[in-house]
Amino acid sequence: MTVGRTVGKFVHQLGQPASMIHIIGHSLGAHAAGFAGKAAKSRGLMVARISGLDPAGPLFRRARPENRLDRGDATFVDVIHTDIFLLGKLKPIGHVDFYPNEGWLQPGCVGHLGCSHGRAHEFYTESISSGCRFLAYSCRDWDTFNWNRGQCDSCSLGLSDGACSVMGYPAINYPNSHGSMYLVTSTNPSPHCVVGSRGKRDAENSTSTQCVQSLGTDMRQEVRDYMDSLTDTQEMGMEEDFCSMYSEMDAVVANITADEPNCGPEDTPIIMEYIGDGKYDSIMAWAEDKCPESMRTSGGASTLPSALLIIALQFIAAVAVWR
């Protein structure tokens, strides 16, 4: 916050026309850019543009607009989301928000912490240095874009109707484009931009990754809720309850993903790792340290309703302890 305000004061003291000011920030720097915009705005100067490159998610997931980057911080705020379930922020916060490859698990980044998070500035740099356009499409959500061809794949001549935009530096040239925009990038390490990249996302050479990529929004939310319950129980030091929930983990996840043909019990670790907001390693370590060996493997007998009951009880206990 202090850095952002200092930048905002500096921007104001420059005395440059607002139309010439463009602030770019990655991760925490994206929010700092937002604070700079707020500071300049409080002094009567509306920054022309802020580009947020995968704004940090941890500690900012429930932050109010005044405490993070927001579309009100500049005349035009464009955001690129590349790691929404781990280090980045899930929800749209700009005038236009780009979600390349659904906004997470970028091609070539499986098993490399921070790789997807850093891909945002690679995309932005390439949008300046390359003649290739990262063409993105407005759509209701990723699943509609990726699986229902024909619904979100048309652009008017000149991209003037808001149905499409171009991710990166050229985004400012498409002022009618607002909301969430989706695109697919190359599976190669570099260059990332490909001409005519409307095709479906290519799966990594991993059946587990294919499973995770095919999970619907509701399934992912159920997994995240379960992870949050495990983490809350862990943080309260409720070892017995934690170990009981942990022993049922495989069965709970199997029930949640039962309707997804690409997923099986063996996919539980990668599902938990990539959907659980980076909490999986901590949960595993705590289970190794606190839980009896007999409780570290799933008994496999629980059903989804019983698992949700466990989660509800943990939440009630958490509220009681908090009060």
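The values are calculated or read from the model by the stated rules, or taken from the named source; none is laboratory data. Remember, predicted model here, so these are calculated numbers, not experimental data. Cβ sites come from the backbone with ideal geometry, for glycine too, and all protein chains shown count toward neighbours.
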Practice task
Have a look at His117, His95 and point out the one that is touching a residue at least 60 places away in the same chain (Cβ under 8 Å), closer than 18 Å to Ala56 by Cα and in contact with a helix residue (DSSP H, G or I) (Cβ under 6 Å, 6 or more places away or on another chain).
Solution key: His95
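So that you can scan it fast, the table gives a plain yes or no per residue for (1) at pLDDT below 80; (2) within 30 Å of Ala285 (Cβ to Cβ):
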| residue | (1), (2) |
| --- | --- |
| Ser160 | yes, no |
| Asn176 | no, no |
| Gly179 | no, no |
| Val184 | no, no |
| Thr187 | yes, no |
| Asp202 | yes, no |
| Asp225 | no, yes |
| Glu240 | no, yes |
Exercise for the section: Output the residues belonging to region 98-112 that are in contact (Cβ under 8 Å) with a residue 40 or more places away in the chain and part of a loop (DSSP other than H, G, I, E, B). Expected result: Trp104, Leu105, Gln106, Pro107, Gly108, Val110
Exercise for the section: Answer with yes or no whether Ser294 is over 21 Å from Leu105 (Cα atoms) and at pLDDT 80 or above. Expected result: no
Practice task
Sort through Leu45, Leu14 and tell me the only one that's touching a residue at least 24 places away in the same chain (Cβ under 8 Å) and surrounded by fewer than 24 Cβ atoms within 10 Å (Cβ to Cβ).
Solution key: Leu45
Fill in the blank from the handout: Apart from one, (1) over 22 Å from Pro92 (Cα atoms); (2) modelled with pLDDT of 80 or more; (3) hydrophobic (A, V, I, L, M, F, W, C); (4) in contact with an Asp or Glu (Cβ under 6 Å, 6 or more places away or on another chain) all hold for Met245; the odd one out is (4)
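Specify the residue that is surrounded by the most Cβ atoms within 10 Å (Cβ to Cβ); the eligible residues are those in region 83-129 that are closer than 15 Å to Ala171 by Cβ and among the polar types (S, T, N, Q).
Ser127
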Problem - Count of region 120-148 residues which are under 18 Å from the mean Cα position of the chain (by Cα) and part of a helix (DSSP H, G or I) - result: 10
Practice task
Test Ser197 against the stated conditions and say whether it is modelled with pLDDT under 80 and in contact with a strand residue (DSSP E or B) (Cβ under 8 Å, 6 or more places away or on another chain).
Solution key: yes
